[in-house]
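To start, the structure under review is shown below, and the notes come after it.
The values are calculated or read from the model by the stated rules, or taken from the named source; none is laboratory data. Just so we're clear, the structure is a prediction, and the values are computed from it rather than from any experiment. So basically every Cβ, Gly included, is an ideal-geometry build from the backbone, and we count neighbours across all protein chains shown. Surface accessibility is based on the protein's heavy atoms, side chains included, excluding ligands, DNA and RNA. Shrake-Rupley method; radii C 1.70, N 1.55, O 1.52, S 1.80 Å.
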Amino acid sequence: MSNPKPEMEGDVYFPSHEVISQTRIKDWDKTSKEALKDPAKFWENEANELEWFKKWDKVLDDSDKPFFKWFVGAKTNITHNAVDRHLKTYRKNKLALIWESEDGKQDRTFSYYSLNREVSRMANIIKAMGIRKGERVTIYMGRVPEIVFAMLACAKIGAIHSVVFGGFSVDALQGRIADSESKLVITCDGSYQNGKLVELKRIVDESIKHCPSVENIIVIKRTGHDVPMEAGRDHWYHDLCSLPIANGKCATEVMDAEDPLFILYTSGSTGKPKAILHTHGGYMVGTYSTLKYVFDVNDEDRFWCTADPGWITGHSYIVYGPLINGSTVFLFEGGPSFPYPNRWWQLIEKYGITIFYTAPTAIRGLMRFGDAWPNKHDLSSLRLLGSVGEPINPEAWKWFFHVIGKEKCPIIDTWWQTETGSFMITPTPVVPLKPGSATRPFFGQEVEIVDEDGNQVETDAEGYLLLKNPWPAMLRTIYGDPDRYVKSYWSKFPGKYMTGDSARRDKDGYIWIIGRVDDVIKVSGHRLGTAEIESALITHPAVAESAAIGLPHEIKGQAIYCFVQLKPGFGQSEELAEELRQHVAQHLGPIARPEEINWIDKLPKTRSGKIMRRVLKARAQGLPEGDLTTLED
Ligand code: PRX
């Protein structure tokens, strides 16, 4: 008997026969058990589905832990697998990328054949700018097709891309360009955000004032507004495209599997952002395989991941994973509710999106506008829904499931990180679901939940979430700071990867992520460090000292609250509070704008001078402040 809709038992949602019959791997338990017997073998089989210029001598080299190496001795290039290899098949004329502008007045489509032409052209130009294998290129753009071309082009010639989210501002961009010592920046004249112009090129100009490494800037014309161009340094992309050098063939560089592919900055507990380094071989296998099994992508799918390519979700599941799988990717320039809250639903209908992968904050935001907006549209093309970035609350899960997925689309809640490169804890379409749980570790992975001393906690108890087994798409190091790599992830619980999250495991083995255990805040799914916000605040002349914390927020998940101690001579006022909020937004980006500024005469600190954020959090929420014996006074 067939049951087209999933069945429910308590709060467990079982996949329908229809879903099971359409999915590659029907027996999750069997595959998981087999993969766990020999994870390296599982990954080797996956790697064998891709093309290599030379195969590996060894799948996993763990002789220098935690500096793991994968597919040792192998030669490949991720762009070869994401683009070149499809040209020899029927996929040559298949759509690789569909793009629509924020205002809906433009769309652009690229087959794999034309994607190759665009990537090759961009690669020729980057090379002509003097960029060689191993050199860094910063990409700072809006969501336009050229951001995808730029990433693939860097990879094609062996340059290391460092994409900085186009919503970041001067300080964040400057720090990232300086740290990566990029010689080239690729940007746009501007981008649009809810109809408003963001002056990307001007932000670049401001940022590189103190970045002597930058020799050239390539500017893609998107908005057409006036931007200053410095002769010799700044080049319009369309001018470069008309040069003969841009249009020849471009050879794909033969890369070692362990050669760096990109760095991506992410926030840690303290200090400056960490440059997470990923490689050609392992990351390629990891993103390919996880997307194939978790979203079960097929040739017929139209895959839409609403993230920005500037975050890891965009790197892995807008660009690399889907293209390596030969899928059709949809990229949308705008956000969910501009000009109206049906923008996304309209696009799903228009393009026949089959897999829709987004974030809880967006779901909560759209849910607020009611069911009438999605109900205006035919969403029947959808077959799978996905969630990422923060825990999804059951209420949002259920709305997504009933109103958007019409009770026929499993919700794939994927837990992972910039560092993990690919999904780590996630269901596949056949796994029974519990709203709010990312379910179980992906094939080949095992997790441990431990207390402060590294002892496993009991069922349902909260503890540090650790990953036990190395995996191909794992970060290799923090670029330029291997000691910090060891210290951040492998020192507190030697031999195991510390995720920085806390979690609990229920009696069925399901993992429930609770949140960060460090000073990282997740604002609308964006990862920000309290240290970055505090460094921005301190540059304001009125601020003596400050502390930032994250507090629960109905839509954003968490919102930023700041405590500010003023310098003598500055008075507390609502005007000054607003000025400080503005100041942070201007320096770091609108996503970092504090929700509230609270004045404080003296920050609570330990005797060793560490800010006690726990006390501030409790105070802000009117909760008991707990043990204060370590307080300095
Ligand atoms: O706290 C977890 C949360 O996001 C963190 C990683 O952030 P980032 O590196 O920016 O990558 C986000 C996208 C992969 C994690 O440490 N997180 C991510 N996915 C989930 C999640 N928390 C709960 N459930 C998820 N599905």
Please compute the contact order of the chain in relative form: average sequence separation of alpha-carbon pairs under 8 Å and at least six residues apart, divided by the residue count, as a percent.
13
Could you work out what % of the accessible surface of the stretch 340-448 is carbon and sulfur, using a 1.4 angstrom probe and leaving DNA, RNA and ligands out of the count?
55
Carbon and sulfur together cover what percent of the accessible area of the stretch 480-548 at a 1.4 Å probe radius?
53
Could you give the semi-axes, largest first, of the ellipsoid that matches the chain, computed as the square roots of 5 times the alpha carbon gyration tensor eigenvalues and rounded to whole Å?
34, 32, 26
Between H17 and N375, what FRET efficiency follows from the Cβ-Cβ distance if R0 is 30 Å, with the result rounded to 0.05?
0.65
State the dimensionless ratio Rg/Rh of the stretch 330-386 (Rg: radius of gyration of Cα atoms; Rh: Kirkwood radius).
0.91
Accessible heavy-atom area order of K201, K496, K605, highest first, probe of 1.4 Å:
K496, K605, K201
What is the distance, in nm, between label points placed 7 Å from the Cα along the Cα-to-Cβ direction at K602 and at N455?
3.9
Stretchable slack from K133 to K468, in nm (0.36 nm times residue separation minus alpha-carbon distance)
117.3 nm
Would you work out what percent of the accessible area of the stretch 113-259, with all protein chains in place, is carbon or sulfur (probe 1.4 Å)?
48
Dipole of the chain, positive end: most advanced residue of Q572, G421, P341 [Cβ charges, Cα centre]
G421
Rg over Rh of the stretch 307-362, using C-alpha atoms and the Kirkwood radius, what does it come to?
0.96
Cα-based Debye curve of the stretch 448-507 sampled at q = 0.23, 0.26, 0.27 Å⁻¹ gives log₁₀ I(q)/I(0) of -0.92, -1.07, -1.12
Size of charge dipole - the stretch 468-547 - debye, nearest 20, with Cβ of Lys, Arg +1 and Asp, Glu -1, no other charges:
500
Cβ-placed point charges (K, R +1; D, E -1), dipole of the chain about Cα centre in debye, nearest 20
1440
What whole-number value in cubic angstrom gives the convex hull volume per residue for the C-alpha atoms of the stretch 553-633?
127
Total formal charge among the other residues, if their Cβ is under 13 angstrom from that of G326, Lys/Arg +1 and Asp/Glu -1:
+1
Using the basic label-point model (7 angstrom from Cα toward the beta carbon), what is the E34 to D107 distance in nanometres?
4.0
Given a cut-off of under 8 Å on Cα pairs at least six residues apart, what relative contact order in percent is computed for the stretch 393-516?
22
Quick calc: nm separation of the 7 Å Cα→Cβ label points for D483 and K209 -> 3.3
Place +1 on the Cβ of every Lys and Arg and -1 on the Cβ of every Asp and Glu in the stretch 322-476, take the dipole about the Cα centre, and give the residue among Q456, L385, T354 whose Cα lies farthest towards its positive end.
T354
Given the candidates A155, V170, S101, the one whose Cα lies deepest towards the positive end of the charge dipole of the stretch 84-185, counting +1 at each Lys or Arg C-beta and -1 at each Asp or Glu C-beta, is A155
Rounded to the nearest 500, what is the chain's calculated 222 nm mean residue ellipticity when only DSSP H runs of at least 4 contribute -39500 (n - 2.57) each, over all residues?
-7500 deg cm²/dmol
Gain in length, F53 to F570, computed as 0.36 nm per residue apart minus the alpha-carbon separation, to one decimal in nm?
179.6 nm
Within the chain, what's the longest stretch lacking chymotrypsin sites (Phe, Trp or Tyr not before Pro) that sit in DSSP loops with no more than 16 other Cβ atoms inside 10 Å?
68-368
Normalised by the residues of the stretch 79-200, what does the relative contact order come to in percent, with Cα pairs under 8 Å and at least six apart?
25
Set K406/K522; K26/K408; K88/K350; K522/K602 screened for pairs whose C-alpha atoms are more than 19 Å apart:
K406/K522; K88/K350; K522/K602
What percent antiparallel are the DSSP beta bridges of the stretch 149-302, to the nearest 5?
45
Give the accessible surface of the chain per residue, rounded to a whole number of Å², with probe radius 1.4 Å and ligands, DNA and RNA excluded.
38
